Each structure stands twice: as structure tokens, then as C-alpha cells.
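Reviewing the structure listed below.
Laboratory data are not the source of any read-out in this text; all were calculated from the coordinates shown. In this text, all values refer to a predicted model and were calculated from it rather than measured experimentally. When we count neighbours, we look across all protein chains shown, and the Cβ atoms used for this are built from the backbone with ideal geometry, even at glycine.
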Amino acid sequence: MTGLFQTFSDKFSSAHRSSARVGTWLAPLGVWFLWLQHAWPSTGFFRSVPAGEDTLEIMWALAWYRRALLELHVSPLFHPLAFAPQGWHVAKQPHGPFLIGLMLPWAWLGGDAFAFHMLAWLTFSLAFVGAFCLARLFTRDRWLATAVGVTYAAFNGTFAAMHIYGDYLNVAWGTAALPLMGFALEKARRSGWAPRWLIRAGGVWGLGIAGNPYLIFLGGGIALIYAWRAWRQRRLGRFLFYGPGIALLISGPWLGLFLSAFLQDRMLGQTLETALGNGYRWAYVLAWNPYHPWLRWPSAPSHQPILTLGMIPAGTSLLGLLVAAGRRRRLHSRPLLRAALFAALLATGIAVQWDVPIRIPWPSGLAAFYEAIWRIGHARKPELFLESTFPGSYDHLALTPFFCCGRWCPSGRWLEPCGGSSP
């Protein structure tokens, strides 16, 4: 009788633990999908898509892949009539074969508009799950982690740009992979670099790179931090084999298609003037986001840059820094502050811009340095550095190190460190 009671008790405890685990996920996922349905309603999935350039590219790619595979029975990776007469290698498109391949089954099932919306829902749901898992790992608070997940997934410029213009689907895919990768790496570190968690981290990183090659650098920064920790614990070999090794195995074929198309076409991504226009205007740092999910979005697109929540995070962050400095408290978030500063530099692009009448007097040595950079750039690549001398339109800008990247990038292969790619 005692054994029977013990067996029943063990089964009841196991069922209770299982239900608790399910409950841990049911409530946060319910909150997320309620929010997602509110911010991105599913009512128009079959009949409309956001009006934007990237949406047009995605719709064109879906139609071309279907026609090439089902009617012409040719490779969809080259279109002979795009950029005629030389044609165009379609794998160079920002929404490359991997993302289009994910969308094709949904396109066959419910149409191209349905495929676009389903991949968007999947992408932002993965972003929520990754941010939720990472936050819960550090806080042990389910509801705080839910708030972090919703904030990371829905309250950002990528979500607004996707919903309004249909832009940055590849960027959204990449940002969804980062928290999942970070969660798996942190679990690997805490478990003594267990291969199962390293394989998961490498798999997520590889899938992220397959959809967005920029994840080589963004995920690489996270990988370097954990590689250093693995090296200190004499586990670097295991880390490299199961982590980056798996990532390379998964992303290698897709990267090969992209690089092959890029080298064969050798098309310039953008000029310095385009990169300058893509930089963030810092006069809008404290402005309210016109596409905030809580608000009714404007009928016409706004030309104001989008910065996450608007004035609330910027203001509270500055207030917190001032309070910490006034009380002389040691900040435990210095790595996050460094990451935020680096992100601000990336968003700025090739020059700091305010969109207000502010002029910065340059030291003579710095002005001479940029003048020399410009002259060398004009001699090597006049298609980027159009004028023979340093233009007067730049003399009131604080140029960043990214301005110099165009000078040293190989000719004909401008890698666009300051903005998005275009065919």
C-alpha cells in the first residue's frame, strides 16, 4: 500500500511540475498574442500588405521563385531580365533565398500577402520568446520577463517599419535571433559548456546569418564575449566546435549563395550621400514615436526617425544615470552602457547630425585629416567621393570613423557599413 501511495504521489508531483511549466508559458504567450493581435491585426492577412519598397521586392521574389520552379523549371537564383541586359543574381537580394524559402509554403497555402504576414508574426514571436527566456533567466520573474519580451519585440523601429512600410524583414529576423542566441550561450556557460546548449546557440546563430548576413558581426560580438569566458575555463575548443562550427555548417550554403551573387554582380550599394541620409538625426532623441503601438498611427508616413519608445526611455535613462552619479553608486550595467553607446554610433552612420543649425568648429589637424581622406578616396573611387575636394556641406558635421570605411573598402564592393543594402 505504501509503495502504491508513493507511486501515485510521484506521478501527481510530476504532473504538477509539468502543468506548472505549461502555465509558465501559457500566460506570457497569451499576453504576447493579445498584444500582437492588437498591434498587428490578422484581419487583413489575405488581402493586403504594407505599401513599401521592400514589400514590392518580397512580392516580386515570391512570384519569380514560383514561376522559376513550377513553370520554367530553372534556378530562381538568376533573373535574366532584371537589370537587363546583364541580368541579376537574385540571391543578392536582402530578402534572400532562405527567407523566401520560408515564405513559399505559406504563399502556396494562402497567397503572397498571407506569407508576408505569417513570417512577420513568426519573426516577432521568436523575438518575444528569446527576450522572455533571457530576461527570466536573470530575473526569475515571469511577468517582468513578459514585459521585457513585449518591449523588445513590439516597441522598436523594426516593428513599426515592417507594419507600415513592409521594410526590414531581414533586419527583424536578425534581431529575433540575438536574444535566443544569448539565452543559449548563457545556459551553456552555467552548465559547464554543455554541448547541447552550444549546439542550440550555434543553430540559432546560423539560422540568423542565413536570413541576414549582418548577424555574422552582431552575433559575433556576443560569441566573442562567451569565447573569452570559455577560454578562461579551458573549454574554448568545445565552444568553437559546437557553437561557431554549427553556425558555419548551417549558414555556409546561404552565405555562399550571397557572396557568389555579390561578387558576380559587383553593384554598388550606395554613395556616401545616401549613407549620410541614412544616419540618425539626434534632434529627435526626445521626440515621441509617431508609430507607438499605443497610439493611432498617422494616415501618412512620418519622415521623423523612429527611436523605440520615444522620450520615456531616453528621459528615464538619463535620470537614472544622474541619480547614480549623484549618489556615487557603482553602476553594474557598464557593459550595457558600452553596448548602447556602440549602437548609437552605428545608428549615427558616417556623421553626427542634429537637423538644427549647430556648427562645430573643427581643429585644423582634424580638418586636414578628412581633407586627405577625401582626396585619396576621390582618386581611388570617384563614384563614391564625387567631388575633387572636401565638400562644404560636410564642414558642419562631426564625422565618425564610418566615414573612413568607404576609403578602404575594395573598389566596386562597397560593404555598406552605414545603411541597408539595395539591389
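Short version: ³J(HN,Hα) in whole Hz for each residue of the stretch 214-220, in order, from phi by Karplus 6.51 cos²θ - 1.76 cosθ + 1.60 (θ = phi - 60°), x for Gly and Pro, what are they?
After applying 6.51 cos²θ - 1.76 cosθ + 1.60, I find 4, 5, 4, 7, 5, x, x Hz.
Once a ≥ b ≥ c are taken as the square roots of the eigenvalues of the Cα gyration tensor of the stretch 53-267, is the result rounded (a/c under 1.5), prolate (a/b larger than b/c) or oblate (a/b not larger than b/c)?
In terms of gyration-tensor shape, oblate.
For PHE138 and GLU273, calculate 0.36 nm times their separation in residues minus their Cα-Cα distance, and state this gained length in nm to one decimal.
44.3 nm
How much length is gained on full extension from THR389 to SER75, taking 0.36 nm per residue of separation minus their Cα-Cα distance?
Working: separation 314, 0.36 × 314 = 113.04 nm, distance 4.62 nm.
Roughly 108.4 nm would be gained on extension.
What size of dipole, in debye to the nearest 20, comes out for the stretch 53-267 about its Cα centre when the only charges are +1 on Lys and Arg C-beta atoms and -1 on Asp and Glu C-beta atoms?
1440
In nm, to one decimal, how far is the ARG190 label point from the LEU263 one, both placed 7 Å along Cα→Cβ?
For ARG190 paired with LEU263, the spin-label model returns 4.3 nm.
Simple spin-label model, 7 Å along Cα-to-Cβ: ALA379 to TRP60 in nm?
Rounded to a tenth, the inter-label distance reads 3.9 nm.
Assuming R0 = 35 Å, can you tell me the calculated FRET efficiency for the pair ALA368 and ILE216, based on Cβ-Cβ distance, to the nearest 0.05?
Values: r = 35 Å, r/R0 = 1.01.
So the FRET efficiency works out to roughly 0.50.
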